[in-house]
Amino acid sequence: MSVASLDINLAALPPFRNEPYADFSRPENRDAMQAALAKVRAEFGSEYPLLIAGERIETGDTLQSLNPSRPSEVISIHHKATAQLAATAVEAEYAFFPEWSRTPAVQRVEMLLRAADILRLRKMEFNAWLVMEAGKTWPEAEAETAEAIDFCDYYARQMLRFSEPEPPMQLPGEKDQLVYIPLGVGIVIPPWNFALAILAGMTTAALVAGNTVVIKPSSDTPTIARKFADVLLSRISAGQFFTADRKRRASG
């Protein structure tokens with residue numbers, strides 16, 4: 001199944017259930033995991049620029065992510081941000097916040113559901129990154145990727161409920177309303193030891209509620225964060241997410 005074929009039917013959305021774990025005692029799951037590890041290993045040494053407001057930025061000041069189980073292996077190379085670039089990232093997200101906050105809740109919900117489906121399609125790959133960059137065992141990695149999927153699925157359903165809240169009890173002489181509003185720009189700084197699950201949970205909760213987000217991953221596990229950002233961008237698409245900001249900057 002390709003990402004393009006992931007159709008979301010919100011009217012038929014089933015109740016939330018936890019993502020089941022892969023059983024590595026089954027040969028087909030072991031083979032899939034071995035293939036994913038080989039795929040990930042083939043990407044070792046790749047260099048990743050910063051992603052700020054749709055731009056890929058290389059600063060020349062880099063850090064190396066190492067395999068904690070074999071420190072001689074370079075997982076990847078990442079360009080580091082300056083204080084000014086960090087401020088630029090926050091300002092860009094603040095500029096885009098009015099547009100993203102007004103995006104219909106159903107579209108933000110679809111974003112999370114599609115992200116969950118993409119994670120399912122690439123589950124063994126994310127497991128492999130967690131094994132290689134965070135030093136997880138196979139079952140630990142499987143549980144963390146499943147938890148990331150759970151966050152996407154659960155928060156999507158919660159946002160559907162929040163978008164049409166139950167009316168509050170009306171007291172005599174009052175006319176009350178309950179409205180949930182997004183707050184602004186969030187900064188997500190996940191720890192290395194839950195580099196995917198906590199990252200996914202904090203980021204998707206903020207995004208689906210209409211907030212914008214700047215992600216600053218742990219310096220020990222930056223590749224996992226970058227791969228998750230790619231999942232979100234493959235759903236949102238760089239064009240949709242950043243076109244408005246580029247137009248604003250181009251017009252001065």
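Here are a few things to note about the model shown:
- Test result for Leu171, modelled with pLDDT under 90, surrounded by fewer than 19 Cβ atoms within 10 Å (Cβ to Cβ) and within 12 Å of Leu112 (Cα to Cα): no
- Where Pro182 falls short, out of the listed (1) under 16 Å from Glu93 (Cβ atoms); (2) at pLDDT 95 or above; (3) in contact with a helix residue (DSSP H, G or I) (Cβ under 6 Å, 6 or more places away or on another chain): (2)
- The number of residues in the range 133-178 that are of a type in the set (Asp, Glu) and in contact (Cβ under 8 Å) with a residue 24 or more places away in the chain comes to 6.
- Some residue of the range 102-110 being modelled with pLDDT of 95 or more and among the hydrophobic types (A, V, I, L, M, F, W, C): no
- Residue in the range 191-208 that is more than 29 Å from Leu63 (Cβ to Cβ), modelled with pLDDT of 95 or more and crowded, with 18+ Cβ neighbours inside 10 Å present: yes
- The combined condition, being surrounded by 13 or more Cβ atoms within 10 Å (Cβ to Cβ) and part of a loop (DSSP other than H, G, I, E, B), is not fulfilled by Thr88.
- Pairs, first in contact (Cβ under 8 Å) with a residue 24 or more places away in the chain in the range 109-132, second of a type in the set (Phe, Trp, Tyr), C-beta under 7 Å, six or more apart: Leu112/Tyr155; Leu119/Phe126; Asn127/Trp138; Val131/Trp138
The values are calculated or read from the model by the stated rules, or taken from the named source; none is laboratory data. Because the structure is predicted, anything quoted here is derived from the model rather than measured. Note that we place each Cβ from the backbone using ideal geometry, even for glycine, and neighbour counts take in every protein chain shown.
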